[in-house]
Every structure is written in C-alpha cells, then in structure tokens.
Amino acid sequence: MVETSQERMPWILVIILTILLGSIGTFWISTLPGSLISAYDLGIVVCGMELTSAPFILALITGIGRFFKGFKAKINSTLLTYVYTVAIVSSYFISTHWPWNIPLRFWLDRFMYAEDSQAFVPVFMAPPAEITRQLTFGKVPFPLMEWLPSILYWWLCQVLFGLFMLSIANILRRRYIDIEKVPFPHAMATYESIRQISTDMKVPERIVRFFLVGLIVGIGLQLPIYLQAAFPWFPDIFSWRVNTCPSGQQYVGWGETVLGLVSLTAWNKQPLAYAIAYMMPLSVLFNGWFWYVVLLLLTQVAYTVGYYTGIQNIGGCGRAWCHPSPLNDPPFKFHVMTFVGGNLGIAVLYLYLSRSYIIETLRTAFSSRSSSLKEVESTEPTSYKTSWLMFLTSLILCIAFLLVTGLSILSTLIFMFTIFIFWIAFSRVFGLAGLHTRSDSYGMVFWKPIWPVVPETRSKDFVLSVCLIRTMGIDTPSYGWGGTLFGAFCSYRIASLTGVSSKNVFKTLIVAITLLPIVTLSTVLAMSYGVGLSKFTTYNWGYGDGIIHHLASEWYYNEQPAAGSMFEYILVGFIIAGVLSALHARFIWFPFEPIGWIVGWSYLSILWGFWLPFLAAWILKFITLRIGGSKGYEEVGLPFFGGVAAGCMLAIFIGGLMSIIRFFIPF
C-alpha cells in the first residue's frame, strides 16, 4: 500500500500505551507460577521462536472498540499499526530476561556473591549490598539517590544500543521490506488479525470465515494446554505433562531412543509453532526438516563407529546441552558450525551482496551529486544522512559507554563487531524463518584467541565482557535492545502493508526505546519496595545464580561454545552457508539454502524440536499451493493459520489473566 500523506503522529496514545504496557507487562509476568512464566506472559511465549503475545493480544483488545458506536470508526489500520509497534517492542522488555535477569542479577550479586561483585562490578551498575538487600522483603523507604546511578546506567545502556539497532533497521529497511519482501512471519501472522479487525480494510467474507474457523481451532488447541497446567484434574490431552517444556518441546527420556536414533531428541507440539511456520517460505521449511534428517543420519553413523558413547543415557534436553553431544563434541560440533560459522557466513555474504545498496545509501547521504535514491528517500523513516549519522553517533556513544563500564579498547571493539555482525545474521534468520539462533555460549568466540580459557587472574575487562556479551549482547532479544531490531523490522513490515508512514513508525519506536527501560525498572523497584520481590515468582530469575559465578566460571566458559579447536568448524560452517547462499541465489532450481540448514543442524531442531513444525507446515503449504495456487494460499491458508495464531494468543491471554487472579485469590 502507498503511505498516506500528512499523517498525524498520535503522541499521547503512543506514550500512554508504552507506559501502561511496560508497567503492566512487568507486573504480569511476576505473578505467573513457575510452570507458566515463559508461556503465558505478554512477552515471549515460544522459546527459540521468540514469539511474543502482546502484539496479538493488544490488537484483539483494540478490536473490541468495533462494538462501540463512538469508537468503531477509529479502529482502523493506522491505529492498529501504532498499537502493534508499541506492543512488539514492549514485548521484548517485559519477558523473562529484562529486567528480571539483567540487571537484577547484578543487583542481587551485591550481597549474594559479594566478593565477585565488589571486585568486578562498578558502583554505577549496582548499589551497595545494604541497599540491594532491601529488594527481597521491601517495606522500607525508597533511597532514590542510592539507586539513581544504576537506574541511569541501565537506562542509558538500553537507549544507546537500542538506537544503534534502530539505525541498522532504518538503513536496511528498504532492502528488507520493499526490495526483498522479507516476510517476517511473526508480523504476517499478526497482520491477519489486524486486517480482520480494522474497519477501513475490506476483507472478503470468505477470508473472514476461514480466519474465524482458525480462531476457534486455536482456542480449542491452546486452552486445554493451559487448563492441564493449572488444574491437576484436567485431562492431559496433548501429553504436556510428559517431558514437555512450557514452550511445547517434548524430549525423549533418560535411556530412551526413538527409532533407535540417538539424536532424535525433541519435537515441538506448540500449536503456535505450526501456525507461524506456515507463514515461512517453502524453501526454508523444506531445508529445515531435510537437514535435520541428514543430521540424524550423520550422528547415527558417528555413534555406530564409537563417537558419543553413552548419549542414549542422557535425556533429550541434555543431549543438546551436556556431553557427549553432536552439537558441541567432535567429529561434528554442529553448534559451532551453524550458530557461529553459519551465522557469520550469512551476515558477511549478505553484506557483500548488498554492497551496491549500502554504497548508494552512503552516496545519497553524503554526496552532493544526484542519486537514484533521492525520490524513494522520502518514504524512508528518516533521510539516509540522518540514519547514517545516527548509526555513527550511536556507535561512538556505545564505545564510550563500554569503555566507561570497564572494558578495554580491544574488548570494546570486539564487542561492537560481535553484536553488529551477529544481529545482521539474526535478523535474516528471524525475517525468513521466524526463529532466533539464540545461545549465550558463542558470545565470546572472538575473545577466544585472547582468553582461550578463564585467565588465572580474572580482570574486570574479562568478567564484564563475558557477562554483557553473553546476555544482552547475543542471547535472546528479550534482554531489550536486541528486540528493538526485531521490533523495528516487524513494525516497518506491518506499515508497508497498512500504508502507515514509516516516519511516524520511527517516531513511535523512539518513544518506546526511550520510555520502556525506565518504566520497567521503576515497576520492579516499586514492587520491591512495596511488598518485596520474595513475593513474586520472577525473583528466582535473579536469585541464587550469580552472574559472574556462572558465566565467568571455568566450568562454563572453558568449554563454550565447544571444547578444543573450533576454527576448522567455524570455517566449514562459513563455507557451507556461503555456498548454499550463492547457489540458491544463482540457480532457481537449486533447492538448498542456508537458513533452513542452520535450523536443521542446531539447537533449533535438537533442543527446541522445530523440525516437526517445519515438516508439517511444508506439507500443508505444498498441498495448498499445489491445489489452490497463490490464491488458495492468500485466501484460505493465511487467514486460517493467522486465525489459529490469534486463537492461541487469546487462550494465552485468558490463561494469564486466570493465573494473575489465582495469585491474589487462590482457587
């Protein structure tokens, strides 16, 4: 759709909604029981897919306005785009990692691991022990001046790195959204709800019917999953109580194998995973399950000749995390090959293939000569000059921030390169496969030549580099500013479909990035000093596991992402990703591509079991296209599975509300 002209920016709506969602979402997750904490919140509800519920839920709640005469006309695609933008960015700030993991672990370490904390954590990252100890039981006056340096530090951390991520999204927006038409499956699923709800988007009755059928199916699938978790007497229809994580992946048990295959460890049963997978490109779906089958065969051969001895005596989850594992141990070290080498190959090759586009944006920004992009620049969030200046300024400020924190200049430069190159790769995987190659284990890969193992005398440079890069740096987007990149791309994708000004979407993103860190931190502190964090489930996310004691320890650092030599595995993964990318781009008939290969040979299949949703979605989408063509896909498949996703999210919202009620009134 073409952007509407002279579109007014709804500042009040965006500000109020950001504040409300940031505070309510932070409180919401803290009241959920442990078994539901990462599945019925307003943040991430499908681990590994990093799918968040707030965009769906807020769209559906906004849709209630259609039933009120005075509001019906206002429930249009423009309003819903702003609601979506606030919701998608907010959802990554109100999940399980920010603020409950970071900065809470730094705060609690002050008195729980006092020796490590005093030695390595600056005073502006966490107040003294006697202050942070107050968080546990609260009910004392709030010492604002003691907390102010830490609040400002963590707010500045999120804002600076958030702006850095947003500048990347702005520069690449036209390439991703307008030229390549990267689908961003999460956004596509939400868009199906938006166009059903909006009063200014005319949807044929046939499409509406398929969406409503999907909505009912989604509720029917997801609600029993919640009820069996909440009430012991409710029948376990989907065997959720049998070796199944809240996100839906079921594992083989200790000493068990399926079909005799030692690497057939997990399969994902979450209905949302299947609905989102249907939105993905057919080639990615095929490669996801195909390469997993190849992994099963390779691993089985290795096991037969003597590798991975005893792996069958480990549970399915442990076959990904523990030793022996085909992900981390020779002869394959699939984790190093895919998440490190594969991601690097995807990012480097993509930047190389996009060199003409990038050079043209630079020429448009800083050259006095005319450029072919001058006309299209008017539809961008900002001018290319502003976007590039934003990139360079935020880069410099992030470097200064890390230096002040305590990293050396070398570690700081490695840090910035690491997050830049990996988040480019993450955005490609997320945009095409709707998944995130998340793991804190490979964050220090570029530091390994400097510190192959934990140094005998740990320095502040080493400890802070480890703790920051392996959490906010390259792990889940729910640490905050990584979610800004995903949220920005998804928001621009939705805006391209609804015709909303990308400039106003950019302004909305700026508001969210600026307000969310301070709102979420303030909510945690208000809860802490009001009644004490010990009253809430999320206290356990920061309690008992010192961040330095864990991440900077010999037992964790020395064998991550894999013990022994890694260079050859990184190189092989880099080459495989590059060759698959080049051949897939060069020959239309070539069936293999790198995104699905990474899915099949990594945690995404072995730990989270996404190979099964990929296989099922590939079959269903193939049949849809073969029988109904693109029309059948757009008029039947998309609305139906968009409805399934919406129905699941509605059931998650109901389950979350019931859990909050049970927190105050047990029943």
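The values are calculated or read from the model by the stated rules, or taken from the named source; none is laboratory data. The structure displayed is predicted, hence computed values, not measured ones. Note that each Cβ is placed from the backbone with ideal geometry, even for glycine, and that neighbours are counted across all protein chains shown. Surface areas here come from the heavy atoms of the whole protein model, side chains and all, with no ligands, DNA or RNA. Shrake-Rupley method; radii C 1.70, N 1.55, O 1.52, S 1.80 Å.
For the reader, a short list of remarks on this structure follows.
- Among (1) in contact (Cβ under 8 Å) with a residue 60 or more places away in the chain; (2) out of contact with any Leu (no Cβ under 7 Å at 6 or more places or on another chain); (3) in a loop (DSSP other than H, G, I, E, B); (4) small (Gly, Ala, Ser), the one test that Gly48 misses: (2)
- Ile450 meets all of the listed conditions (1) assigned to a helix (DSSP H, G or I); (2) of a type outside the set (S, T, N, Q); (3) surrounded by fewer than 23 Cβ atoms within 10 Å (Cβ to Cβ) but one, namely (1).
- In the set (1) out of contact with any strand residue (DSSP E or B) (no Cβ under 9 Å at 6 or more places or on another chain); (2) at positive phi, the condition left unmet by Pro235 is number (2).
Conditions tested, residue by residue: (1) surrounded by 23 or more Cβ atoms within 10 Å (Cβ to Cβ); (2) over 28 Å from Pro99 (Cα atoms).
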{"site": "Gln158", "(1), (2)": "yes, no"}
{"site": "Phe164", "(1), (2)": "yes, no"}
{"site": "His186", "(1), (2)": "yes, no"}
{"site": "Gly218", "(1), (2)": "yes, yes"}
{"site": "Phe238", "(1), (2)": "no, yes"}
{"site": "Asn243", "(1), (2)": "no, yes"}
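- Of note, Ile177 does not satisfy the criterion of being among the hydrophobic types (A, V, I, L, M, F, W, C), touching a strand residue (DSSP E or B) at 6+ places or on another chain (Cβ under 8 Å), open to solvent by less than 10 Å² (accessible area, probe 1.4 Å) and more than 23 Å from Leu468 (Cα to Cα).
- Checklist (1) among the hydrophobic types (A, V, I, L, M, F, W, C); (2) within 26 Å of Ala495 (Cβ to Cβ); (3) at pLDDT 95 or above applied to Phe401, failing item: (2)
Residue-by-condition table, conditions (1) of a type in the set (Gly, Ala, Ser); (2) more than 30 Å from Ala54 (Cα to Cα); (3) at pLDDT below 95:
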| residue | (1), (2), (3) |
| --- | --- |
| Val572 | no, yes, no |
| Ala585 | yes, yes, yes |
| Trp618 | no, no, no |
| Phe622 | no, yes, no |
| Phe641 | no, no, no |
| Ile661 | no, no, yes |
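- Within the range 453-475, considering residues that are charged (D, E, K, R) and in a loop (DSSP other than H, G, I, E, B), the one surrounded by the fewest Cβ atoms within 10 Å (Cβ to Cβ): Glu456
- Residue check for Ile64: within 20 Å of Ile15 (Cβ to Cβ) and either open to solvent by less than 20 Å² (accessible area, probe 1.4 Å) or in a helix (DSSP H, G or I) (or both): no
- Residue match in the range 408-417 (condition: in a helix (DSSP H, G or I) and in contact with a Cys (Cβ under 8 Å, 6 or more places away or on another chain)): yes
- Reported count of residues in the range 377-394, each being farther than 9 Å from Lys503 by Cβ and open to solvent by less than 60 Å² (accessible area, probe 1.4 Å), is 8.
- Residue in the range 577-609 that is nearest to Gly341 (Cα to Cα), counting only those that are among the β-branched types (Val, Ile, Thr) and over 25 Å from the mean Cα position of the chain (by Cα): Val579
- Close pairs from the range 230-253: first free of Cβ contacts under 8 Å to residues at least 24 places away in the same chain, partner open to solvent by 30 Å² or more (accessible area, probe 1.4 Å) and not basic (Lys, Arg), Cβ under 6 Å, at least 6 apart: Phe234/Leu227
- Selection of first residues in the range 199-216 that are within 13 Å of Thr498 (Cβ to Cβ) and among the charged types (D, E, K, R) and of second residues that are part of a helix (DSSP H, G or I) and open to solvent by less than 80 Å² (accessible area, probe 1.4 Å), restricted to Cβ pairs under 7 Å at least 6 apart or on distinct chains, gives the following pairs, ordered by first then second residue: Asp200/Ser77.
- Counted residues, the range 389-415 - those being closer than 21 Å to Gly487 by Cβ and of a type outside the set (S, T, N, Q): 5
- Qualifying residue in the range 105-124 (condition: of a type in the set (Gly, Ala, Ser), closer than 30 Å to Val203 by Cβ and open to solvent by 20 Å² or more (accessible area, probe 1.4 Å)): no
- The range 500-526 residues that are within 23 Å of Trp100 (Cα to Cα), paired with ones that are among the aromatic types (Phe, Trp, Tyr) and outside any helix (DSSP H, G or I) (beta carbon under 6 Å, 6 or more apart): Leu516/Phe93; Thr520/Phe93
- Inspection of the range 427-441 identifies at least one residue that is open to solvent by 10 Å² or more (accessible area, probe 1.4 Å) and not in a helix (DSSP H, G or I).
- Across the range 72-113, the qualifying residues are those that are of a type in the set (Val, Ile, Thr) and assigned to a loop (DSSP other than H, G, I, E, B), and the one among them that is nearest to Thr538 (Cα to Cα) is Thr96.
- Criterion applied to Ile623, Ile619 was being under 15 Å from Ala273 (Cα atoms) and open to solvent by 40 Å² or more (accessible area, probe 1.4 Å), and the one residue passing it is Ile619.
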